[in-house]
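The values are calculated or read from the model by the stated rules, or taken from the named source; none is laboratory data. If you're wondering where the values come from, they're calculated on a predicted model, not measured in any experiment. Neighbour counts are summed over all protein chains in view; Cβ atoms, including those assigned to glycine, are modelled from backbone coordinates with ideal geometry. Please note that ligands, DNA and RNA were not included when accessible areas were found on the heavy atoms of the full protein model with its side chains. Shrake-Rupley method; radii C 1.70, N 1.55, O 1.52, S 1.80 Å.
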Amino acid sequence: MSEPVASPLNSVAGGNTVRGACPHDCPDTCALLTTVENGVAIRVQGNPDHPATGGVLCAKVAKYAERTHHPERLTQPLRRVGPKGQGARFEPVGWDDALADIAARLQAIAARDPRAILPYSYAGTMGLVQGESMAARLFHRLGASLLDRTICASAGAEALVHTLGTKQGMRVEQFAHSKLIVIWGSNSIGSNLHFWRHAQEAKRNGARLVCIDPRRTETADKCHQHLALLPGTDAALALALMHEFTVHGWLDQDYIDRYTLGWDAATGEGGDGVSQPQAVAGGDAAGEVGVEISSKNGALRSLSKRCLLWTPERAAAVCGVSAQAIRDLARDMGETARRGEPVAIRLNYGMQRTRGGGNAVRAVACLPALLGSWRHPAGGLLLSSSGHFPVRRAELQRPDLLAQGLAGRPPRTINMVSVGDALLASEGDAVLDGGPPIEAVVVYNSNPVAVAPESAKVVQGFAREDLFTVVLEHFQTDTADYADYILPATTQLEHLDIHASYGHTDVLLNRPAIAPVGQSRSNTDMFRALAIRMGFDEPCLADSDETLCRTAYPFTAEQALAVGLPAEAALSWDALAANGFVPLPPVLAPLAPFAQGGFPTPSGRCEMFSQRLADRGLDGLPDYLPNHEPPGSSTAYPLAMISPPARNFLNSTFVNVQSLRDIEGEPLLEISAADAAARCIGDGALVRVFNQRGSYHCTARVSARARPGVVNGLGVWWRKLGMRGTNVNEVTSQALTDLGRAPTFYDCLVEVEAVA
């Protein structure tokens with residue numbers, strides 16, 4: 001197999017302005033314009049021709065040229081010559097020697113059992129090509145362990161699929177025409193800037209904005225109402241809103257009758273039986289038993305009965321907000337809907353990072369159907385628009401190659417949330433899913449030592465001298481400190497890629513604006529080269545980046561028909577190549593997707609009761625599930641902690657960009673005045689945040705952004721750029737959510753003390 005021929009599309013474009021796309025994990029997926037002089041990117045700005053971007057970028061990506069030409073950028077392969085960990089020593093090595101040794105060592109492990117090799121990646125780039133295309137093909141062919149990529153969105157995604165049937169919703173631009181917008185679990189100003197533009201337009205036109213978030217965010221400051229509920233109690237609030245819709249007659253019964261399943265009583269083997277254990281479901285030990293009973297006998301199929309148990313007073317006691325605030329919000333939503341005006345919910349992923357996060361998303365996703373909000377283009381809900389995109393993932397990632405690589409062995413899946421336990425596990429441990437202990441990890445598009453929960457275990461695992469670790473990176477991150485080889489990767493300004501979005505409905509193409517810096521190579525190029533050295537001769541392992549881009553979507557009518565879509569669902573490659581973006585056709589992204597039902601669930605309805613969940617032994621109806629670590633349940637660790645991203649970082653990306661770190665200052669813990677006074681903590685004091693899992697140090701910021709009983713540990717700092725070599729994930733846990741096998745970063749109890 002020979003090296004692929006470079007495509008003209010993949011070569012650096014002529015002229016000094018190049019169209020591209022933002023690669024980062026954000027709903028906005030902005031269209032970029034990069035200005036180049038003498039081969040150097042001197043400015044990155046938003047493309048004003050792209051409606052969703054409107055020429056505006058966040059402060060982080062506006063610094064992308066600084067990040068690309070950073071003085072600490074990795075520009076040549078490095079091989080470790082000293083002990084692993086912070087302060088590790090590396091020496092330069094040629095590409096040929098590095099790839100030959102990596103291939104030989106992986107082949108030796110694969111000869112024993114390829115499942116001992118683990119790829120670890122996530123959304124360091126959201127690109128379909130530089131993310132999981134050639135990488136997935138190689139690891140499938142190798143027979144490596146599968147990675148359960150759950151660290152961000154899987155709880156909410158599974159909840160949507162079991163309720164709406166898809167990860168679809170409102171078109172983001174339609175929020176400008178809404179009359180009431182509930183921003184639930186999202187600091188939109190910091191993490192969804194272009195949605196906020198539409199919300200502001202609606203506000204100027206008389207819309208009411210409500211923010212639901214444990215933290216008083218910058219977004220909450222700009223809304224008419226803020227409900228600072230306790231972490232993990234969102235489902236209780238949603239059920240109380242349903243209660244009020246019901247008792248005050250604010251339901252759209254016609255929409256419910258035509259297009260939903262599970263609101264009113266449905267007969268089953270147990271009738272509509274609401275037994276006493278079920279009647280107290282959600283709130284104490286008896287309630288949890290009640291949920292288990294109802295899911296086993298299939299009796300409780302009526303969400304209307306469950307929500308009547310959730311009075312505003314009961315929900316207020318659980319959520320830590322006033323009953324009157326719940327009534328006011330319900331009245332605003334209900335009366336707005338009764339007037340025939342659109343009510344819209346912008347849901348984001350913060351609320352799903354607790355034990356009951358999946359159930360919470362399910363409960364909130366039922367609200368628009370109860371009010372009939374889906375009838376309007378400007379009504380309904382948006383969590384993710386990713387389900388609109390007809391990505392041909394099987395063709396792109398080639399899971400069919402896995403059988404050849406496994407050679408008769410059963411596949412093995414490792415949950416990325418549990419990587420700390422997995423790296424320390426012995427033969428037979430459940431976390432290994434029946435496979436062998438992990439002997440090698442290849443990390444790309446991620447920084448697990450900084451971002452994975454319970455990081456003391458993650459560090460211990462990566463510090464194993466018998467673990468062979470390869471890291472593809474732009475910089476020497478916390479994870480790269482533990483590598484045997486660090487391979488320099490290109491940034492978004494140096495490679496070709498194609499993008500979907502989970503916040504709008506346009507496909508974007510990213511052209512390289514500059515040549516690769518130093519000896520850096522794209523992910524696809526590195527994995528193609530590694531495939532050659534491992535002796536794999538499948539033609540798909542040599543596909544060029546342009547071929548991969550063209551593979552990602554149905555660009556012809558024949559391809560659309562082949563994946564079960566109408567011919568008019570095909571995209572225009574020529575328009576994409578010429579403009580850098582192309583909107584999805586209306587057949588894929590209608591203005592009011594569920595105005596007349598048409599939910600892609602098994603029943604064709606919005607499934608408030610999910611038989612699919614009941615068949616798995618789970619509750620078919622959404623319910624409130626108390627946290628693994630409920631607020632107020634521990635005297636040793638009396639404070640609930642959430643860890644939202646610092647405004648100038650995106651997870652651990654941009655932490656090493658000096659201009660952004662200067663703005664951010666230092667690792668901060670926001671704490672209420674009452675909680676600070678009780679601990680003799682002054683504003684600006686050095687504090688230790690700790691629990692049974694570990695501790696980290698940061699600066700206390702006594703602030704009204706933290707409600708009493710909850711502290712906000714802003715993250716995610718690189719450990720070595722924080723205080724005393726740790727960060728907030730020292731105290732988060734590897735416990736998982738109810739649906740989606742996702743992390744519970746915001747389900748965390750701590751104590752805080754001043755440090756001399």
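Data for the structure
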read-out: Count of the stretch 117-154 residues which are open to solvent by 10 Å² or more (accessible area, probe 1.4 Å) and in a loop (DSSP other than H, G, I, E, B); value: 11
read-out: Matching option when the condition is among the polar types (S, T, N, Q) and touching a strand residue (DSSP E or B) at 6+ places or on another chain (Cβ under 9 Å), among Q107, Q76; value: Q76
read-out: Output for the stretch 671-683, where each listed residue is of a type in the set (K, R) and part of a helix (DSSP H, G or I); value: none
read-out: Given (1) in contact (Cβ under 8 Å) with a residue 60 or more places away in the chain; (2) more than 27 Å from the chain's Cα centre (by Cα), index of the condition D466 fails; value: (1)
read-out: Test: residue in the stretch 724-736 that is open to solvent by 10 Å² or more (accessible area, probe 1.4 Å), over 25 Å from the mean Cα position of the chain (by Cα), aliphatic (A, V, I, L, M) and over 17 Å from P667 (Cα atoms); value: no
read-out: Test result for P377, surrounded by fewer than 23 Cβ atoms within 10 Å (Cβ to Cβ), in a loop (DSSP other than H, G, I, E, B), in contact with a Gly (Cβ under 8 Å, 6 or more places away or on another chain) and at pLDDT 95 or above; value: no
read-out: Any helices (runs of 4 or more DSSP H) falling wholly within the stretch 552-670 and containing at least 3 residues that are hydrophobic (A, V, I, L, M, F, W, C) and open to solvent by 10 Å² or more (accessible area, probe 1.4 Å); value: 557-562, 573-579
read-out: Exclusive hit being part of a loop (DSSP other than H, G, I, E, B), of a type in the set (S, T, N, Q), surrounded by fewer than 22 Cβ atoms within 10 Å (Cβ to Cβ) and modelled with pLDDT of 95 or more, set T29, T53, T35, T75; value: T75
